[in-house]
């Protein structure tokens, strides 16, 4: 619904090619920057860059459900956990499994399997998507509102299962000693792939169906859209990428335990997509960068510090107070967030430039 | 591990299950009321339980107020807080899409929890038990705590009060009308916001009563104590038929009984206790989405 419609008339093949070239160029610039970062930046900055990539994957796929399709899911932490555990179980070596499963040995076939990282990510995504499918089927048959509570409860259940299925997850001890496979290239590669797939999906007839369901489900049904099917499909699609992101995260921090995947994670993502603008992919990306960076900066509030001779004992939890206050304030006063429902387009950029030039009288 | 399933054991578990069920029921009533009127899942409802527990705790321990005054004060303050939350956070976005209201509700919930963490600290505080609620009666081999009887009494009395308010008073009539058709109600010259404020006050007061009873049973007051009870109370409200007050209480009782009996039958499963209510919810959604006593709600 964004500026695309306004510029539909001067869409011809040359502008299309121009846009594609520009997109490709910016991806190359990004890769160049990553190459530079990989060589020159310190470990902390690289780590933040990797976090940003993972949060972009999560935010973009989460925004697909909450923003573009208008269904309120609270499951990312559950999907993240499923993806992280699945991929970790498949990449750990049999010896490592034997060593870390001290309460109960791991169940047989899994205890011997060790797969390459890429394959484990794929399996993580597929398993997560399958779980999402199982969950969506009962929920989307009834009112959409219940999705919020069912997904919230599902997050708790995943934690309960991770704690109790000891022969699969090693219980509260978690999985240790994962090989740090996730590097800048893996994180950003998956990130670019996710954004590409999501943008293509949103601009397809499926994407228009999603927006129709968001605006008015009954009217969408009347136009021949099978709302149940489109919701279930999108839910599984988004879960796939969240599962993959979970795999990336697990191999970034190399130790996972059930307590890692609390509702706090979902809350952070919710803040990102709300600040970016519900329904805007570009907004989600911008906000993911902003919040991941800003979250690091806000740590100041939780650590003891001294300014102007006034000693300030760090208060743990202060960041979350600030974040939740921001969330409420944005919802009440600036519902659109940074981007509203608009997307960044090259045409929009050029149009903006032209207007600026006109104003300057050139 | 097997447990001897004799009569007194079963009855004992029944007592525990009913007590837990009453607590869920008290919370579920408020949840159900707010949902019935606003179609909003008030995520902050569980946190009102926590707030009321802190109010009562501070009243008794810090200010040394006698417990009845402290309890009543806590209920009143929580009701006021409920109205303030509605005015501050929910009223400005009443006309916006439902998803925005849900996000705001999550924000309020997190704000309450983390404010509690920042202002009071995360260390659990031990809730003092007034002498009246101590002790227990022994009937045969069954031990009935006095607190269980009090919980049941409080729940029954509050349920009757709520039912009378909703069914017999003018404001209750307005509440029921509002849950049917908000626009028509406004055309009838009813101050919608006043009715909604009243609903929040009543629901929050119920949550506060539940919170205080909860703390006497599980006397550890901490900022995140309301999350799980809140979640289960919603399941109870759905189970009973959301929007229906008697249904909510009934749903709470059933959920409490199921949870306690689940662990009693097979103690090895106690780790999965928190998962039971969720699976129950899925089953209800598949078989009878309107709950036990619910009627189909207009969308």
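The values are calculated or read from the model by the stated rules, or taken from the named source; none is laboratory data. Quick caveat: nothing in here was measured; it's all calculated off a predicted structure. Here Cβ is always computed from backbone atoms with ideal geometry, including for glycine, and neighbour counts include all displayed protein chains.
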Under the condition of being under 18 Å from residue A:245 (Cβ atoms) and more than 9 Å from chain B (Cβ to nearest Cβ), which residue from the range A:134-161 is surrounded by the fewest Cβ atoms within 10 Å (Cβ to Cβ)?
A:158
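Within the range B:203-214, identify whether any single residue is free of Cβ contacts under 8 Å to residues at least 40 places away in the same chain and either under 30 Å from residue B:83 (Cβ atoms) or crowded, with 19+ Cβ neighbours inside 10 Å (or both), and answer yes or no.
So the first thing to find is which residues in the range B:203-214 are free of Cβ contacts under 8 Å to residues at least 40 places away in the same chain, and the list is none.
Within the range B:203-214, not a single residue is free of Cβ contacts under 8 Å to residues at least 40 places away in the same chain and either under 30 Å from residue B:83 (Cβ atoms) or crowded, with 19+ Cβ neighbours inside 10 Å (or both).
Mind checking whether some residue in the range A:68-82 is touching a residue at least 24 places away in the same chain (Cβ under 8 Å), in a loop (DSSP other than H, G, I, E, B), on the phi > 0 side of the Ramachandran plot and in contact with a helix residue (DSSP H, G or I) (Cβ under 8 Å, 6 or more places away or on another chain)? Spell out how you get there, then give the answer.
Taking the range A:68-82 as the starting set, the residues that turn out to be touching a residue at least 24 places away in the same chain (Cβ under 8 Å) are A:68-82.
From the residues that got through so far, the ones that are in a loop (DSSP other than H, G, I, E, B) too are A:69-75.
Remaining after also requiring on the phi > 0 side of the Ramachandran plot: A:70.
Of the ones still in play, those that are also in contact with a helix residue (DSSP H, G or I) (Cβ under 8 Å, 6 or more places away or on another chain) are A:70.
Checked the range A:68-82: at least one residue is touching a residue at least 24 places away in the same chain (Cβ under 8 Å), in a loop (DSSP other than H, G, I, E, B), on the phi > 0 side of the Ramachandran plot and in contact with a helix residue (DSSP H, G or I) (Cβ under 8 Å, 6 or more places away or on another chain).
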Exactly one of these conditions fails for residue A:315: (1) at pLDDT 80 or above; (2) within 11 Å of chain B (Cβ to nearest Cβ). Give me its number.
(1)
Which listed residue is under 30 Å from residue B:13 (Cβ atoms), touching a helix residue (DSSP H, G or I) at 6+ places or on another chain (Cβ under 7 Å), away from chain A (no Cβ under 14 Å) and not in a helix (DSSP H, G or I), from B:206, B:225, B:216:
B:225
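For (1) more than 13 Å from chain A (Cβ to nearest Cβ); (2) more than 24 Å from residue B:231 (Cβ to Cβ); (3) crowded, with 18+ Cβ neighbours inside 10 Å, each residue gets a yes or a no:
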| residue | (1), (2), (3) |
| --- | --- |
| B:78 | yes, no, yes |
| B:99 | no, no, yes |
| B:103 | no, no, yes |
| B:109 | no, no, yes |
| B:115 | no, no, yes |
| B:124 | yes, no, no |
Return only the number of the condition from (1) modelled with pLDDT of 70 or more; (2) within 14 Å of chain B (Cβ to nearest Cβ) that residue A:299 does not satisfy.
(2)
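Matching residues to (1) out of contact with any helix residue (DSSP H, G or I) (no Cβ under 8 Å at 6 or more places or on another chain); (2) outside any helix (DSSP H, G or I); (3) under 26 Å from residue A:278 (Cα atoms); (4) free of Cβ contacts under 8 Å to residues at least 60 places away in the same chain:
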position	(1), (2), (3), (4)
B:12	yes, no, no, no
B:21	no, no, no, no
B:36	no, no, no, no
B:43	no, yes, yes, no
B:70	no, no, no, yes
B:74	no, no, no, no
B:87	no, no, yes, no
B:106	no, no, yes, no
